[in-house]
Amino acid sequence: MGIETNWAGNVSYRAAAVVRPRTRDELDRALATPGPLRPLGSRHSFSTIADTTGTLIDLGAMPAVVEQTAPDAVRVSGGIRYGELGAELHRRGLALSNLASLPHISVAGAVSTGTHGSGDAIGSLATAVRAVTLAGPDGERTLRRGDPDFAGAVVSLGALGLMVELELDVEPTYDVAQTVHEGPAWDALLAEFDRVTALGTSVSVFSRWTDRDRADQLWIKNRADGAALDEALLARLGTTPATVARHPILGAPAEACTRQLGEAGPWHERLPHFRFAFTPSAGEELQSEYLVPRRDAVRAIEAVRRLSDRIAPLLLVNEIRTVAADDLWLSSSYGEPAVGLHFTWRRDQPAVEALLPAIEAALPDTARPHWGKVSTLDPAELRRRYPRWDDFAALVGRMDPAGRFRNAYLERLGL
């Protein structure tokens, strides 16, 4: 039917209907619709995770809620986008510890898929969740941090119901300054990888893999009250500071990017790579991402480096970033800190899907694909890489025994 597509246009949803409730009564009526149900976020997933033959429910038209529930917590609506939430929190003198590269994504969608930003000491966006309220045909239930099933209900792939509300950890607002350093040498970067990723609060390495010896850019975001940059390390990397604003895709116009050149500003206007008012990233693209335990990071990057001749023709840019460990069952950083290798591809899905098995085979067998990106990893192998997979499957069986939120994507995973 294809009545809706995702942001990239590579997925046409087969839904019989798309419902955008504006009130709780309208949401309840949507949940009472016979047949399969699926939550639809900001459509930034490149996989078919949101697809269904039944009813897609988009919470984006529901009233935006931002309510402070404690000095260090806020209650928010699931459909609110991080760009809207960030501005409102900053207005109140509050902040989140991290943001993804795009502020355009919804809180519920990002949390459900384990989406993350970057930072050695910072977890994925889901780690800020201290309570989640899930709605389904049989009503609502709220799970809180410390409850037996909470760690399975946060990164939950939309399998447990609609995330209508979440309670998030917050802290006092802060400023961040962002600098870009060009041309770091791969050998030096990998030899001191731990020191490189500790250069700032959030660090990203960008490369088009057109040069096996040097990456394109090193982006460093630092709290304004943080330590000074390690200039000696930057010198060993052979970098030069950018003198004009840069886009992650070298040569692309930088007007859509957040301010750089060391100009400090509010956290929500610096931690993302892209500005909320602009079309993010390249617009016409596909994305894949694989997260490996930090202990395997250098080996994984070297594997990609060896495939660079095959990768570069299809690639817009590769980003490497870090995520702290957590205890969320389906998180790609479950149990130990992770390093993400994120690929923004040209929109040629057959060619990308033909290349991905070679990348997946070359990466360490600990790599976990991002749930919302394009991947070809065998479902049985994917399940093996999550120690709490069986616990999550049992939770799905208890919370959605009729399989109302099941779709082909989840069935392929064995849920």
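The values are calculated or read from the model by the stated rules, or taken from the named source; none is laboratory data. Computed from a predicted structure; not experimentally measured. Don't worry about glycine lacking a Cβ; one is built from the backbone with ideal geometry, like all the others, and counts go over all protein chains shown.
The residues listed here are Pro387, Pro401, Pro313; of these, the one that is assigned by TED's automatic domain parsing to the domain that holds Val298, outside any strand (DSSP E or B) and either at pLDDT 95 or above or not aliphatic (A, V, I, L, M) (or both) is Pro313.
Comparison of Thr197, Thr179 shows that the only residue that is more than 21 Å from Ala254 (Cβ to Cβ) and among the hydroxyl-bearing types (Ser, Thr, Tyr) is Thr197.
For Glu336, the conditions (1) surrounded by 16 or more Cβ atoms within 10 Å (Cβ to Cβ); (2) at pLDDT 95 or above; (3) part of a loop (DSSP other than H, G, I, E, B) all hold with the exception of (1).
Taking the range 33-51 as the range and being under 17 Å from the mean Cα position of the chain (by Cα) and of a type in the set (Ser, Thr, Tyr) as the test, the residues that pass are Ser42, Ser45, Ser47, Thr48. Consider the range 340-355 and keep the residues that are touching a residue at least 60 places away in the same chain (Cβ under 8 Å) and buried (at least 19 other Cβ atoms within 10 Å of the Cβ). The one that is nearest to Leu160 (Cα to Cα) is Gly340.
Each residue in the range 84-104 was checked for being within 25 Å of Ser45 (Cβ to Cβ), crowded, with 20+ Cβ neighbours inside 10 Å, more than 11 Å from the chain's Cα centre (by Cα) and among the small types (Gly, Ala, Ser), and 2 pass.
A search for C-beta distances below 6 Å between a residue of the range 177-200 that is of a type in the set (Ser, Thr, Tyr) and any residue that is in a strand (DSSP E or B), counting only pairs 6+ apart in sequence or on different chains, returns Thr179/Ile220; Thr197/Val203; Thr197/Thr322. So which residues in the range 225-249 are surrounded by 15 or more Cβ atoms within 10 Å (Cβ to Cβ) and part of a loop (DSSP other than H, G, I, E, B)? Of everything in the range 225-249, those that are surrounded by 15 or more Cβ atoms within 10 Å (Cβ to Cβ) and part of a loop (DSSP other than H, G, I, E, B) turn out to be Leu229, Asp230, Gly238, Thr239, Ala242, Ala245, Arg246, His247, Pro248, Ile249. From the residues in the range 313-333 that are closer than 15 Å to Pro387 by Cβ and among the aliphatic types (A, V, I, L, M), which one is surrounded by the most Cβ atoms within 10 Å (Cβ to Cβ)? Taking the candidates together, the pick is Leu328.
Residues of the range 10-26 that are modelled with pLDDT of 95 or more and buried (at least 20 other Cβ atoms within 10 Å of the Cβ): Pro21 alone. Of the strands (runs of 3 or more DSSP E) that lie entirely inside the range 1-99, those containing 1 or more residues that are polar (S, T, N, Q) span 55-58, 66-70, 73-77. In the range 76-123, which residues are of a type in the set (Gly, Ala, Ser) and within 20 Å of Trp219 (Cα to Cα)? Passing the criteria: Ser97, Ala100, Ser101, Gly117, Ser118, Gly119, Ala121, Gly123. Against the numbered list (1) at pLDDT 95 or above; (2) surrounded by fewer than 21 Cβ atoms within 10 Å (Cβ to Cβ), Asp138 comes up short only at (1). Scanning the range 41-60 for residues that are aliphatic (A, V, I, L, M) and either assigned by TED's automatic domain parsing to the domain that holds Phe343 or under 22 Å from Arg130 (Cα atoms) (or both) yields one hit, Leu59.
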